[in-house]
Each structure stands twice: as structure tokens, then as C-alpha cells.
Amino acid sequence: MIRIYNHYISKFTILLISIEVCLLMTVFFLGSSIHFHYFKISFIDLLLSQLPGAIVFIFVMITCMAMMGMYQQDSKLDIESTLLRLMPSLAMGFAIMALIFYLFPKLYLGRGLLTIVILLALLLILITRMIFFRWPNNLEVLRTRAIVLGTGCMAGELLSLTENSSTLRNLDIVGFIPFFGEDRHVPVSVVLPAHSSLPYLVNQYDANEIIIATQERRGGGFPIQELLECKMHGIKVTDIANLFERECGQIRMDSLYPSWLVFGGGFDQSFSRTMIKRIFDLLASLLLLFVTLPVILLTMIFILIEDGRPVFYRQERVGKGGRNFLIIKFRSMRNDAERSEQTQWTAIDDPHVTKIGQIIRRLRIDELPQIMNVLKGEMSLVGPRPEWPYFVDMLIEKVPYYNVRHSIKPGITGWAQVHYPYAFSVEDAIEKLQYDLYYIKNQSLFLDLIILIETVGVVLLGKSNR
């Protein structure tokens, strides 16, 4: 994994994006050469004249594919699933490029030729994906060979994730080292000899990382000197909490302890960070309001036609610092349901939801009026979703560190929203909190942009990206 502005991106994803950028650049310049008859001039002249258009084309196409979840950790899809995401991605890119050509005629490539370029890109990207995912052994060099110190509950869960989930496909666990007094939760076949030293095992199995998966780290049984020796020889030593943060985009509650939060990096709440985020919120919210204004007006009309007034409803939620505020949403439930509504977890098939309410909920259109909350400074565009005071009081009592999510402004969308569906229980709230803690710890403008791009994919696909 490579860390960019506190956010982790796998080497596999970076390599895939790099290859597809080169493919898109190749087909664009090939199309430009045919359209403008540039075979008669030098490559340098072609590059200089068409470079701005190539940059815009590549950016649009890569962004559209990212919106459709094609660069997610679990994007190892079969051919049919890849096509179902790739084709709408390129179709969306075609529409956006057509609009850009209309606004900026100097970049014009021609709709017929653009169609050929898109189809050629479709073919080459599909072939690339087939090579990547059909012969994964060719990419073993990108995987981290790791030895796990510990055979307890966390070690067992780690082994299960590597075997059953594509989330940890960057990790190749070569074995587990038993720790004194710890119950074994992994098969005997993957346990390494305890009498061998860590440096010896690292060399024997050609490992380049040691993962600490045991909670007990005191006393003479913990091999601190051997770990130090390995680290001095270039072997990465990683705590399991950091591993889940790096590989899963979560801060796991079951591997978390207070000193890690206090002495670890991140959790930047500086004045400059707050000001940059506020400026970004204002500019992006105004742009979003302008782009979605037709959708907002149509939604208001349909709500009035189906169920009358009011169009909006306000609900008390908990914001930054535990302060309550009124969140604004489009009304998606019948008028009689609003009066009898009791505090309860969100239901999937709520019978009180109107027909237009079902549509705007699925497409997240009901959240658009919260742009006003952002402009007022009560919310941010990206952040943890605000909860009802009743649930906040209950979860603070039951879930450790839950109140940390109120250290920043809540958001219209967030890291938890694009990686996990609605919360229906305390267990779901804990799962979403693990994503929220990751965002709070590693928040940056770069991560906000990634979340906004993935949010579009969630809306288009109708579900979370993972």
C-alpha cells in the first residue's frame, strides 16, 4: 500500500490506473492523428497540440470508471460484471466529453471518431482486466509476504479475511508464530516453529513484514529485541490496528486501545485544515446546488403532486461538539406517518414511504436539501452522518469512542456511507463507526474528493461500493 495524504491506496490499484491511463492516452492520440491527419507531421507537434485534450479525456474516463467502483479493493470482477461497470462508465465519459467539446470547441475530436476511440478503449481495458484478474500469480511481486506474531482471536480473524475476502488480497501470510499463554485460533498447518528466532524465520520464508496480532505485549515473552533487529534490517513491523487501517480503511474497535489513539498520527484538527475544508465545502456545495437544481425542482413538484405539503421536513440531529441542529431533507414518507413516527432504526421496506420517496431515497436525492445545512456551517459535505440524539445517547453508553465522531462536523456523505449500507442495529453502528474513525484520523481534501467520486457510484449502483 502507498500512502497519499494519509489515505492508503494499493500498489495493485496504482499499477492498474497507470496502465489504463497509458491505454487511454494511446487511443486518444491515435484518434487525433486520424482525425487531423497528423501522420504527416512530427510526434512532438501532435503531442503539443493535442495534450490538453488528452489530459481532459483521460481525467474524465478514469473518474467515470472510479465512480462505478472499478478501482475499489474488491474490484476483482468477472468479465460480465466488468462489462456491466465498464460500459456505463465509458458511456458517461462519452456524454461528458461531448459536453466539453461543445463548451470548448478547440478540444473537438468529432463524435464519430470519439465513438471509435471509446470502443477501442473498451476493448483494450477489458483485455487488460482479463490479464490482471485471470492470471493473478503474475502480480505476486506486488503482494506483501508477512509473518504474524500471535495465534489468538485477532490472528484467526486475519487469516479468515485473507482467505475469504478480496479486501486483503495485497497480503500473503506465510505463517503464524504462537505467543506464550495465548489460545490458538488458527490451524496447526499455518503455525511456524516457536523455538526459531524472528530474524531466522524472516530470512527462511523471505518475509518483508511482521504483523503484531497479540494483545498481550508485556513481560519477558514479547520478543522486543528480535523485532527491533528485524526493523533495523528493513523489515516492516506493523501493529494489527495499523494493518486494518491500511488494508481495510477501518480503525477496528476490537484491535483498538486508548494509547494508540493518543500517541498515533492523524486526527488533524488544526485551524488551516478546518479553513481549507470550509472553503471547499462552500465552493463544492454551491456547484452541487447549481448542477442539481433541476432535480431539486422536479422533486418538489412530484412530492406536491403525490402527497401535498410540506415538501421538506426537519429533524433534530447531533452535530459537532454534541450540539443539536435541525437537518433538512425532502419528505419521503406520508404525512400521517410523520405524526406517528417513533424513534427507531431505518427500515429497508418501510410501508409509510411514498412512491416518489422510494425513488429519492434510493438515489439519495432526499439528502440534497442538506446543502443548506452545509452553507449555514452546521454540516460539511463529507463527514460522519449525523444521528438522532436518542441513538447518540444510547450508542455513547454501549460503544467505546463513539463520541469521537462528534469532533468534526457531520456530512451529507462520508467514508462509512460509501462502504457500508444503512445501520439497522448497534452492531451496524459499530461497523460504521470503524469507517468514521478512519476518516476522522486521515481526513484530507484528497480523501474528500475520493469519497465524493465514490458517492456518485453508490447513487448509480444503488448500493455501497463494498
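Remark: relative contact order (the stretch 261-329) = 15 percent; criterion is Cα-Cα distance under 8 angstrom and separation of 6 or more residues.
Report the percentage of all Cα-Cα pairs in the stretch 234-336 whose separation exceeds 20 Å, rounded to a whole percent. Result: 68 percent of Cα pairs exceed 20 Å.
Beyond 21 Å in Cα-Cα separation lie the following of the pairs Lys320/Lys441; Lys376/Lys432; Lys11/Lys236; Lys376/Lys441; Lys236/Lys432: Lys376/Lys432; Lys376/Lys441; Lys236/Lys432.
Within the full protein context, the accessible area of Asp206 is estimated at about 110 Å² for a probe radius of 1.4 Å. Heavy-atom accessible surface of Tyr390, to the nearest 10 Å², is about 130 Å², with a 1.4 Å probe and all protein chains retained. The C-alpha radius of gyration of the stretch 359-401, expressed as a fraction of 2.2 N^0.38 Å, stands at 1.45. Rounded, prolate or oblate for the stretch 382-431? Axes are the square roots of the Cα gyration tensor eigenvalues, ordered a ≥ b ≥ c, and the cut-off for rounded is a/c under 1.5. The shape class here is oblate. First check a/c for the stretch 386-466, with a ≥ b ≥ c the square roots of the eigenvalues of its C-alpha gyration tensor; if it is under 1.5, answer rounded, and if not, answer prolate when a/b is larger than b/c or oblate otherwise. Verdict is oblate for the stretch 386-466. Only Cα pairs under 8 Å and 6+ residues apart enter the sum, and on that basis the relative contact order of the chain stands at 14 percent. Considered as an equivalent ellipsoid built on the Cα gyration tensor, the stretch 241-292 has semi-axes of 32, 16, 7 Å, the largest given first.
Sorting the segments 83-92, 184-193 by their residues' average number of neighbouring beta-carbon atoms within 10 angstrom, most packed first, yields 83-92, 184-193. For the stretch 260-270, the Karplus equation 6.51 cos²θ - 1.76 cosθ + 1.60, evaluated at θ = phi - 60°, returns couplings of 5, 5, 6, 9, x, x, x, 6, 6, 10, 5 Hz by residue, with Gly and Pro reported as x. Inter-part distance, the stretch 304-338 to the stretch 394-466, computed on C-alpha centroids, equals 21 Å. For the chain, the solvent-accessible area of protein heavy atoms averages 50 Å² per residue (probe radius 1.4 Å; ligands and nucleic acids excluded). With N the number of residues in the chain, Rg(Cα) / (2.2 N^0.38 Å) evaluates to 1.11. Free of any GluC sites (Glu not before Pro) that DSSP assigns to a loop and that have at most 16 other C-beta atoms within 10 Å, the longest stretch within the chain is 1-215. Computed as a quarter of the hull surface, the mean projected area of the alpha carbon convex hull for the stretch 176-314 stands at 16.2 nm².
The values are calculated or read from the model by the stated rules, or taken from the named source; none is laboratory data. Computed from a predicted model, the values in this text were never measured in an experiment. Cβ: placed from backbone, ideal geometry, glycine included. Neighbour counts: every protein chain shown. Note: areas computed on protein heavy atoms with side chains; ligands, DNA, RNA excluded. Shrake-Rupley method; radii C 1.70, N 1.55, O 1.52, S 1.80 Å.
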